[in-house]
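The values are calculated or read from the model by the stated rules, or taken from the named source; none is laboratory data. Because the structure is a prediction, the values reported are computed rather than measured. Here the Cβ positions follow ideal geometry from the backbone for every residue, glycine too, while neighbour counts run over all protein chains shown. Note: accessible area is taken over every heavy atom of the protein model, side chains too, but ligands, DNA and RNA are not part of it. Shrake-Rupley method; radii C 1.70, N 1.55, O 1.52, S 1.80 Å.
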Amino acid sequence: MAEDNNIRQAQEKAPKKKRDRISLVLYWFYLALLLLTFAIVFKLIYFQAIWKPNPKIESALTPKVTREKVEPVRGNIIDCNGKLLAMSYPVYDIRMDCTVRKAEFAKMKDKDRAAEKEAKWLDKARALSEGLAEEVPGINADKMYSQISSGRRSGKKYLPIAKGVDRKTLMRIQQLPLFNEGANRGGIIVEQRNVRKYPYGSLARRTIGFVRDNSGLPEEEIKGNPGLEGRYDAILHGKDGEEYLKKTDAGLVRDHTKNYTRAVNGQDLRTTINIDYQDVADRALRERIDTLEDIAGACLVLMEVKTGAIRAMVNLSRDPNRGNRFEEITNFVIGRRCEPGSVFKTVTLLSVLSDGIYKSLDETIPTNHGIVKNTKMKQDVHILDWEREHKTREISLLDGFKISSNYVFGTLAVQNYASDPKHFVEKIYSYGLGDSFDFDLEGLLTPSIPNPDDRRYWSNTTLGTMGFGYSTEETPLHIITFYNAIANKGKMVKPYLVEDIERAGTVTDRRGPSVLNASICSRAVADTMTRALLSVTEEGTARVLKSAKCKVAGKTGTSFATFENGQYSDASGRRQYQGTFVGYFPAGEPKYSVLAAVYSKPTRHSYQGGGIPARAVKDLVDYICVNDPDFRIPITDMKTK
């Protein structure tokens with residue numbers, strides 16, 4: 001019995017010792033894992049917070065990351081009918097890594113096999129060169145193959161192949177031998193960039209403007225007057241994006257560990273320009289002056305009467321860099337300020353009518369042999385001719401306006417405003433002819449109007465010469481804005497070029513018409529002025545417009561630029577002319593106002609406002625009357641043969 005107990009106790013102790021041994025092993029195994037975990041955590045903390053790699057090794061093994069600007073797509077500039085005047089589109093620059101697979105072939109143990117592979121690669125390169133010669137103008141197949149093979153020997157990785165190709169050409173090039181194998185095996189490298197295109201060439205280029213880095217023009221032609229492209233650059237450009245690129249075996253790829261800022265494409269600019277009218281206006285002016293070496297430049301503006309929307313703006317000046325041809329270089333419409341000449345007589349006539357000094361155009365003043373009393377102004381010989389022809393010593397306001405007499409309008413200014421010349425000057429400012437205004441193009445000059453209180457620039461002849469368009473300086477845009485107000489029954493609207501700003505066809509900022517002066521004169525006075533202006537084109541100095549397809553009301557003006565000696569002619573008797581015609585049509589119910597001006601070099605020839613400017617306007621008027629389906633000629637404005 002005792003023996004059985006001993007055996008049983010021995011059997012119970014054996015499993016217990018075995019369990020104790022297993023527990024001890026597990027304990028040490030657990031402890032080892034715990035220590036290993038602590039060691040790993042420590043190492044991680046050490047590597048993250050303390051350890052720094054060898055800079056040379058780090059530089060060699062870490063892909064270089066570069067920060068690149070993501071260029072947005074520049075917005076379009078559109079004419080009033082939706083035609084593209086300026087647009088951005090992608091082009092592609094193609095380069096080639098001439099070293100692709102060269103190292104792979106060199107590592108082959110079978111040298112004959114390696115040489116065969118290399119020879120086949122070069123055969124494909126020759127076929128590639130022949131294909132490129134067919135696709136890209138200016139590429140010679142033999143020369144291109146020589147550059148590729150030479151580049152392969154020298155290890156050239158960015159051999160220029162073609163620049164600025166379009167997408168269709170790119171797709172054909174990508175199908176050529178070698179390039180159809182992709183970047184890693186064929187070596188093709190494609191870089192996309194956006195370029196600016198002007199579908200209508202030089203038409204309205206000074207108005208549309210230029211992108212400085214994409215115009216292809218000398219800096220001096222762009223500086224200071226970049227047009228709509230410059231004035232609205234921030235809107236058209238959009239916002240730059242930003243990305244980080246790193247170099248890998250597959251080429252440059254975006255580094256997704258760093259922030260990426262998406263580019264915001266530019267918005268579109270819808271303008272008031274009608275490119276068809278712009279084309280007609282450009283040709284009408286260019287054809288009149290193209291062969292005249294004495295002409296230095298010319299401009300023409302067409303503006304909608306009710307709104308002030310500019311439908312055409314032509315600026316032509318001789319370009320010595322292009323065979324002395326006429327090109328859009330200088331914006332005369334806003335950037336040339338000079339004495340306006342007889343087109344300013346309308347200001348004097350409007351003033352005496354608005355002030356009630358004269359009630360009718362048929363009222364008369366004494367001719368006085370063409371001498372303005374109380375001034376030292378030059379005698380007007382045209383009045384002497386008038387006296388002899390009509391056997392009278394009086395002339396009506398209408399006849400004086402019709403023949404554009406300096407005496408008549410010098411007399412009107414002196415006789416009625418000499419006691420209060422400031423009032424006459426204030427009238428000029430009220431007509432918008434004394435101040436500048438915010439315009440859609442940079443560079444609009446401010447008119448120059450003499451101040452009666454400034455005795456340095458005011459004499460007993462100043463008021464009289466102002467009456468017929470001297471002693472003041474105006475831009476063409478100010479002059480047409482004034483005449484447009486008369487056509488608009490006294491309401492002066494601001495000229496503008498930008499109708500609205502759009503994104504993907506949706507208007508984000510509507511611009512449109514605005515008013516500079518609600519009333520520069522009464523409707524009755526405006527109608528009287530139209531009668532006077534119509535007489536100029538029917539019987540006066542702009543009779544060339546009598547044969548236009550609708551009635552045109554307007555005024556001619558001729559002035560001379562001063563030379564360095566302060567005189568209106570040089571030592572040889574030559575003069576520099578500014579000939580201007582400005583008016584509106586149809587005369588009874590005006591839809592458009594128009595101004596044309598020519599600027600001569602020093603010359604002995606005469607360039608009057610009733611010549612080239614009036615003829616160019618007639619060509620434009622006739623085109624609009626015949627070709628514009630929305631243009632309606634009132635019965636009172638129709639011409640009868």
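Normalised by 2.2 N^0.38 Å, with N the number of residues, the alpha-carbon radius of gyration of the chain equals 1.58.
Probing with 1.4 Å while keeping every protein chain in the model, the per residue accessible area of the range 533-631 equals 38 Å².
Computed with a 1.4 Å probe over protein heavy atoms only, the accessible surface of the range 405-529 comes to 39 Å² per residue. Between the range 539-609 and the range 330-409, how far is it from one alpha carbon centroid to the other, in angstrom? Taking the Cα centre of each part, the range 539-609 and the range 330-409 sit 16 Å apart. Bridging of Lys239 to aspartates and glutamates at a Cα separation below 12 Å is possible for Glu71, once same-chain residues fewer than 8 apart are set aside. Of the solvent-accessible surface of the range 536-641, computed with a 1.4 Å probe over protein heavy atoms with every protein chain present, carbon and sulfur atoms account for 47 percent. Label-to-label distance for Ser436 and Lys376 is 3.5 nm, based on points extended 7 Å past Cα in the beta-carbon direction. When the listed pairs Lys591/Lys618; Lys102/Lys124; Lys422/Lys494; Lys402/Lys546; Lys102/Lys156 are checked against a 18 Å cut-off, the alpha-carbon distance exceeds it for Lys422/Lys494. Remark: the chain carries a charge dipole of roughly 2760 debye about the Cα centre, counting +1 on each Lys and Arg Cβ and -1 on each Asp and Glu Cβ.
With each run of n ≥ 4 DSSP H residues scored as -39500 (n - 2.57), what mean residue ellipticity at 222 nm is computed for the chain after dividing by its residue count and rounding to the nearest 500 deg cm²/dmol? One gets -11500 deg cm²/dmol as the mean residue ellipticity at 222 nm. By the equivalent-ellipsoid construction on the alpha carbon gyration tensor, the range 574-635 comes out with semi-axes of 30, 10, 8 Å, ordered largest to smallest.
Full extension of the chain segment joining Arg193 with Lys117 gains 23.8 nm, where the gain is 0.36 nm per residue of separation less the Cα-Cα distance. Straight-line cross-link partners of Lys551 among the aspartates and glutamates, defined as a Cα under 14 Å from its Cα and at least 8 positions apart when in the same chain: Glu538, Glu539, Glu589, Asp619, Asp622, Asp637.
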